[in-house]
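S.K.: Take a look at this one; I'll ask things after.
The values are calculated or read from the model by the stated rules, or taken from the named source; none is laboratory data. Everything numeric in this text was worked out from a predicted model, so none of it was measured. Every residue, glycine as well, gets a Cβ built from its backbone with ideal geometry; the counts of neighbours run over all protein chains shown. To get the accessible areas, we keep the full protein, side chains included, count just its heavy atoms, and leave off ligands, DNA and RNA. Shrake-Rupley method; radii C 1.70, N 1.55, O 1.52, S 1.80 Å.
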Amino acid sequence: MENYFDVHSATWDANRDRVERANAIAGLIRQHVPLGAQMRLLEFGCGTGLLGFNFLSEVGHISFADTSAGMLEEVHKKIAASGASNAGTLDLSQNPLTGPYNVICSLMTLHHIEDHRAQLEALSHALAADGYLCLCDLDSEDGSFHSREVVPHNGFARSEIESIFRDIQLDVTLSTTGYIVRKEVAGVPREFPVFLIIGKKRHKPFPALG
Ligand SMILES: C[S@@+](CC[C@H](N)C(=O)[O-])C[C@H]1O[C@@H](n2cnc3c(N)ncnc32)[C@H](O)[C@@H]1O
């Protein structure tokens, strides 16, 4: 079966709302996460890298990770056009997620993944101690955000994501509305809030004495 994201990769950035959303989220991440030239950043489910490319000159290295060959091809073109030597791609359909990364960010990807808890656990595992997971996705909705596509999750309750974060060694440092998608559904204007939840990786607890 053809991959929806492969088919739409070449025209993905023509949707100005997606670009605006990614830039708005990048601005918020910048306000809440200390970025630096020594840091390794991963954009998980990067698509064409709309979020991650914002940070190209602010971190030491960026890995753009996705399962869609078409999306990764677009990222390759952008890296070549920018002349950047501090960015690369990771094809997660062929390779495992490793790390460690100082920052992992992800926008509108988790709701496409059936076992979201296991995925979040893998992301936390790939973080360095004191690293940050910056997760953006849809708040729970009634299924009308994706008009034709069927996805594993119609968004998430923030309380559930926060609870998972705590279970997987992440202290929640921010939980907020990062953006509001406005679009018409069956001719009716609708709003779909997108959350930004940031978690900071805990150091491993000291073993109990005695
Ligand atoms: C809705 S798009 C979002 C793309 C980009 N983050 C953006 O905001 O423009 C979802 C992305 O997640 C990717 N994806 C789907 N399942 C994935 C998985 N299991 N691991 C990594 N990426 C995945 C898709 O290929 C697609 O590029």
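S.K.: Within the stretch 42-106, report the GluC sites (Glu not before Pro) that DSSP leaves as loop and that have at most 15 other Cβ atoms within 10 Å.
M.R.: Values: sites: GLU43, GLU58, GLU73, GLU74; in loops: GLU58.
Within the stretch 42-106, the qualifying GluC sites (Glu not before Pro) (loop, at most 15 other Cβ atoms within 10 Å) are GLU58.
S.K.: Explain nothing, just the number: relative contact order of the stretch 97-194, from Cα pairs under 8 Å at least 6 residues apart, as a whole percent.
M.R.: 27
S.K.: To continue, here is another question. Just want to confirm a number: the relative contact order over the stretch 58-128, from Cα pairs under 8 angstrom separated by 6+ residues, in percent.
M.R.: In percent, rounded to a whole number, it is 31.
S.K.: In addition: Non-local amide H neighbours of GLY155 (under 5 Å, H modeled in plane, Pro and chain starts lacking H): which ones?
M.R.: Amide H neighbours of GLY155, under 5 Å, 5+ apart: GLU141.
S.K.: With a 4.7 Å Cβ cut-off, tell me which Cys residues in the chain come up empty for a partner.
M.R.: For the chain, the answer is CYS46, CYS136, because their Cβ atoms have no other cysteine Cβ under 4.7 Å.
S.K.: Also, I was wondering about something else. Taking Cα pairs under 8 Å and at least six residues apart, what relative contact order does the chain come out at, in percent?
M.R.: 18
S.K.: Moving to a separate point now. Please identify, among ASP142, ASP130, ASP167, the residue showing maximal mean-square fluctuation in a Gaussian network model of the chain using a 10 angstrom Cα cutoff.
M.R.: It is ASP142.
S.K.: Using +1 on the beta carbon of Lys and Arg, -1 on that of Asp and Glu, and nothing else charged, what's the dipole of the stretch 3-159 about the Cα centre, debye to 20?
M.R.: 400
S.K.: Also, I was wondering about something else. Calculate the length of the line joining the C-alpha centroid of the stretch 78-151 to that of the stretch 18-39, in whole Å.
M.R.: Between the Cα centre of the stretch 78-151 and that of the stretch 18-39, the gap is 14 Å.
S.K.: Another one. May I ask you to give the percent of accessible area on the chain that is carbon plus sulfur, with a probe radius of 1.4 Å?
M.R.: The nonpolar share, carbon plus sulfur, comes to 51 percent.
S.K.: Also, quick follow-up: Kindly report the accessible area of the stretch 79-210 per residue (heavy atoms of protein chains, probe 1.4 Å, no ligands, DNA or RNA), in Å².
M.R.: On the way: 6860 Å² over 132 residues.
Using a 1.4 Å probe on heavy atoms only, each residue of the stretch 79-210 averages 52 Å².
S.K.: Shifting gears a bit: Please give me, ordered by residue number, the chymotrypsin sites (Phe, Trp or Tyr not before Pro) of the stretch 22-117 that lie in loop per DSSP and have at most 16 other Cβ atoms within 10 Å. Before the final figure, lay out each step's value.
M.R.: Values: sites: PHE44, PHE53, PHE55, PHE64, TYR101; in loops: none.
Hits after loop and neighbour filter: nothing returned.
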